[in-house]
Amino acid sequence: MIQREDIRKGLLVRLLSDHLHVPQGTLATVETVSIIGSAKEFCFTVRWLNLPCGTRSRPISDRSLNLWLTDLEKFECVSKEDAEGILAAGRPTHPRKRPGCVGSMWSNPEFPF
């Protein structure tokens, strides 16, 4: 399990179970890490990298909502090499624009590596 001390901007993580309509196995990079509110609560956000297209209830954004300390158990760290392999395996051999494919990393020219 990831510890709070492990979370930093740019860390590659994988979702261990379905969460907020994002399927298990989805890769992400940590976008923000912060302490908020008067209670000084730890939170972080991620940018989803390989959101599947064509699902009925896909997320509106490629960024997560605020995730809290209790959400750390839903993620595991992934090496850059493993992430590149997973992303390459999911890449279409003949990329084409698919209607209704919002939030897919393949429709976004910015790649995190």
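Read-outs throughout are calculated quantities, based only on the coordinates presented, and are distinct from any laboratory measurement. This structure is a prediction, so every number in the text was calculated from the model and none was measured. Methodologically, a virtual Cβ is constructed for each residue, glycine included, from the backbone with ideal geometry; neighbour enumeration extends over all protein chains shown.
Tabulated data
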| item | result |
| --- | --- |
| Sum of side-chain charges, Arg4 neighbourhood, beta-carbon under 15 Å (Lys, Arg +1; Asp, Glu -1) | -2 |
| Chain lengthening between Gln24 and Ala89 when straightened (0.36 nm per residue, less Cα-Cα) | 21.8 nm |
| Those aspartates and glutamates that a straight Cα-Cα span of less than 20 Å connects to Lys80, excepting residues fewer than 8 apart in one chain | Glu5, Asp6, Glu31, Asp62, Glu110 |
| Inter-label distance for Glu5 and Ser38, nm, one decimal - labels placed 7 Å from Cα along Cα-to-Cβ | 3.1 nm |
| For Thr26, distant residues with modelled amide H under 5 Å away | Leu15 |
